[in-house]
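Peer 1: The structure's right below; bear with me while I get my questions together.
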Amino acid sequence: MINLDKNSEKSRRMQGKRSLANLEACKLELKKELNELNKTFTEALEKTQQVMMNFPPMSRSRSLEASIMQSFFAEMLFKNFGDKAFYGKYKRLILNIKGYIILFKKLDKKGMPMNIYTSNVQGIMSQNMTLDLFSSSNYNDAPILYFGYQKSTIGEYINPQLVYIDEGKVVFSISIDEFGDKMVPLSSNNEEVVEPRLKNKGRNIKAV
């Protein structure tokens, strides 16, 4: 089995591809980090909710919520993970943790990141070793994962998950909600709020 793994890794390197990620290994090695990502996501949603309540729905631009959510997520990611989180090229938010590179994107119904399919994006989804993402070449062998979430037809944030994609296909995903405490967002005066809402296994945070 060990020899097979070594041969597989050697073959991937010869193809210019990164190390192979494994579902059970990810769950074990990133258990603490998955819990922190769950916390980070929930905290970002709470902050987004507080700001969005200042804008009447009819006055909100199309990208307002997404921009606010991304900014708060980055803020909480930097707070919870320190210098392991940073912006790479093209202002791409990156978490470099325990030999994995984690990127962040909203997911479509199939669990694929919602991207414009540039050559760089296609390279990420094929786990190419050389990518124009980082100022350093130290990350060339690290598997790339996506942290993402979906939005329901009524605007709820659902299914926060860690996704591994290779050859342009989802190989496996891990539900982030399995690793976090159940958290209910509160308004600034400690009253329960209605929006935004994350709906996943008993936890509800409604999107605006």
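The values are calculated or read from the model by the stated rules, or taken from the named source; none is laboratory data. Keep in mind the model is a prediction, meaning the values are calculated, not measured. Note that each Cβ is placed from the backbone with ideal geometry, even for glycine, and that neighbours are counted across all protein chains shown. Areas reflect the complete protein model, heavy atoms only, side chains present, ligands, DNA and RNA absent. Shrake-Rupley method; radii C 1.70, N 1.55, O 1.52, S 1.80 Å.
Peer 1: All but one of (1) within 25 Å of Glu29 (Cβ to Cβ); (2) under 15 Å from the mean Cα position of the chain (by Cα); (3) among the aliphatic types (A, V, I, L, M) hold for Leu131, so report the exception by its number.
Peer 2: All conditions pass for Leu131, except number (2).
Peer 1: Right, another one. Check Ile154 against each of (1) assigned to a loop (DSSP other than H, G, I, E, B); (2) over 24 Å from Ala85 (Cα atoms); (3) modelled with pLDDT under 70 and name the one condition it does not meet.
Peer 2: It is condition (3) that Ile154 fails.
Peer 1: Residues in the stretch 74-126 that are in a loop (DSSP other than H, G, I, E, B) and out of contact with any Lys or Arg (no Cβ under 8 Å at 6 or more places or on another chain): how many? Lay out the reasoning, then the answer.
Peer 2: To start, the set of residues in the stretch 74-126 that are in a loop (DSSP other than H, G, I, E, B) comprises 88, 92, 98-99, 108-112, 114-118, 126.
Cutting the leftovers down to out of contact with any Lys or Arg (no Cβ under 8 Å at 6 or more places or on another chain) gives us 88, 92, 98-99, 108-112, 116-118.
Here the count works out to 12.
Peer 1: Among the residues of the stretch 1-53, count how many are at pLDDT below 85 and open to solvent by less than 80 Å² (accessible area, probe 1.4 Å). So that I can check it myself, show each step before the final result.
Peer 2: First, the residues of the stretch 1-53 that are at pLDDT below 85: 1-16.
If we keep only those that are open to solvent by less than 80 Å² (accessible area, probe 1.4 Å) as well, we get 8-9, 11-12, 16.
Of the residues in the stretch 1-53, 5 are at pLDDT below 85 and open to solvent by less than 80 Å² (accessible area, probe 1.4 Å).
Peer 1: So, one more: Quick check on my filter: what residues within the stretch 54-97 are open to solvent by 70 Å² or more (accessible area, probe 1.4 Å) and among the basic types (Lys, Arg)?
Peer 2: Arg62, Lys79, Lys84, Lys89, Lys91
Peer 1: Now for a different question. Among the residues of the stretch 98-133, how many are open to solvent by less than 10 Å² (accessible area, probe 1.4 Å), touching a residue at least 12 places away in the same chain (Cβ under 8 Å) and closer than 21 Å to Phe172 by Cα?
Peer 2: Of the residues in the stretch 98-133, the ones open to solvent by less than 10 Å² (accessible area, probe 1.4 Å) are 101-103, 107, 111, 113, 121, 123-125, 127, 133.
Narrowing further to those that are touching a residue at least 12 places away in the same chain (Cβ under 8 Å): 101-103, 107, 111, 113, 124-125, 127, 133.
Imposing the further condition that a residue be closer than 21 Å to Phe172 by Cα reduces the set to 101-103, 107, 111, 113, 124-125, 127.
Looking only at that region, the number is 9.
Peer 1: Then there's this: Answer with yes or no whether Asn140 is at pLDDT below 90 and under 18 Å from Glu167 (Cβ atoms). Break it down stepwise before answering.
Peer 2: On the way: at pLDDT below 90: yes; under 18 Å from Glu167 (Cβ atoms): no.
Here the answer is no, as Asn140 does not meet what is asked.
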